[in-house]
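These notes concern the structure reproduced below.
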Amino acid sequence: MARKQFDLIVFDWDGTLMDSTSTIVKCIQAAARDLSLPIPRDDVAAHVIGLGLHEAMQAVLPEVDPAYYPRMVERYRYHFLSRDHELALFPGVHDMLTELSQNGYFLAVATGKSRVGLNRAMNDVKVLSLFDATRCADETFSKPHPAMLQELTRELGQDMRRTVMIGDTTHDLLMANNAGAQGIAVQYGAHPVDQLAACNPLYSAATVAELHQWLSEHA
């Protein structure tokens, strides 16, 4: 199949491929509760999804003593590890990734997860073999810094102008803008549709099925 616009398709993980937004929100809130800190509202906790863990804890509770942030990370990891085996890909994601891989696209992940966490998650849902490269927040700069996309294109020998970043947060879309890549929004994750639209994505998909169809027809 002749590729139209892109050679490299980069996906965010949580809230884009993995149905994990509500679990992450609950784990952030549980971590705050453990330490008797103010418990962030659902929308505030959801907004920091996609950042590296340390950056996320600083952003979700900016008023607390910085000494609490490492403990927040530790408590968050405790709660998330007790629940991550329950998580699954959004329906339709596996078929979409399989088709894109078979059609010769380079596929990658750029995520705020840790390397250990991403490898475990990808192994659990059996998609490791579908991806050509991955970048995690504990290996480079956190989104929206462009480093993840810069490193992925360099590793795979790809052109940033023929690269697209797909994500459910403004962090993903701003990273794409900062790197000089295109961005595609998905509306079923952590950030509200109006905030995603403000980042001027090339396309905004309401469902995995819509995303799959658009990529099949236009990518």
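Summarise the accessible area of region 160-219 (1.4 Å probe, protein heavy atoms) by the percent that is carbon and sulfur.
Values: 1140 of 2330 Å².
For region 160-219, the apolar C and S fraction of the accessible surface comes to 49 percent.
Quickly rank 170-179, 96-105, 42-51 as a protection proxy: mean count of other C-beta atoms within 10 Å, highest first.
Working: 170-179: 24.7, 96-105: 15.7, 42-51: 20.9.
Final packing ranking: 170-179, 42-51, 96-105.
Working from Cα positions, state the angle (0 to 90°, nearest 10) between the long axis of helix 147-156 and the longest principal axis of the chain.
40
Counting each DSSP H run of 4 or more residues in the chain as -39500 (n - 2.57), what helix-only mean residue ellipticity at 222 nm follows after dividing by all residues, to the nearest 500 deg cm²/dmol?
-13000 deg cm²/dmol
Once each part is reduced to its C-alpha centroid, what is the distance from region 1-60 to region 164-178 in angstrom?
13
How far, in degrees from 0 to 90, does helix 21-34 lean away from the longest principal axis of the Cα atoms of the chain, to the nearest 10?
20
Tally up the carbon and sulfur contribution to the accessible surface of region 1-118 as a whole percent, 1.4 Å probe, everything protein left in place.
52
Out of the DSSP beta bridges found with both residues in the chain, what percent are antiparallel (nearest 5)? Numbers along the way, then the final one.
Numbers: 1 of 22 bridges.
Given both bridge residues lie in the chain, the antiparallel proportion sits at roughly 5 percent.
Mind checking which lysines have their C-alpha under 26 Å from K143, skipping anything on the same chain fewer than 8 residues away?
Hits, sequence-local ones excluded: K26, K113, K126.
In degrees between 0 and 90, to the nearest 10, how far off the longest principal axis of the chain does helix 68-81 point, with axes built from Cα atoms?
60
Write down the accessible area per residue of region 68-160 in Å², having rolled a 1.4 Å probe over the full set of protein chains. All intermediate terms of the calculation are to be shown ahead of the outcome.
Values: 4480 Å² over 93 residues.
Here the per-residue accessible area is 48 Å².
Grab the eigenvalues of the alpha-carbon gyration tensor for the chain, scale each by 5, take roots, and send me the semi-axes largest first in whole angstrom.
29, 17, 16
The values are calculated or read from the model by the stated rules, or taken from the named source; none is laboratory data. In this text, all values refer to a predicted model and were calculated from it rather than measured experimentally. Cβ sites come from the backbone with ideal geometry, for glycine too, and all protein chains shown count toward neighbours. Each accessible area value is taken on the protein alone, full model and side chains, heavy atoms only, with ligands, DNA and RNA left out. Shrake-Rupley method; radii C 1.70, N 1.55, O 1.52, S 1.80 Å.
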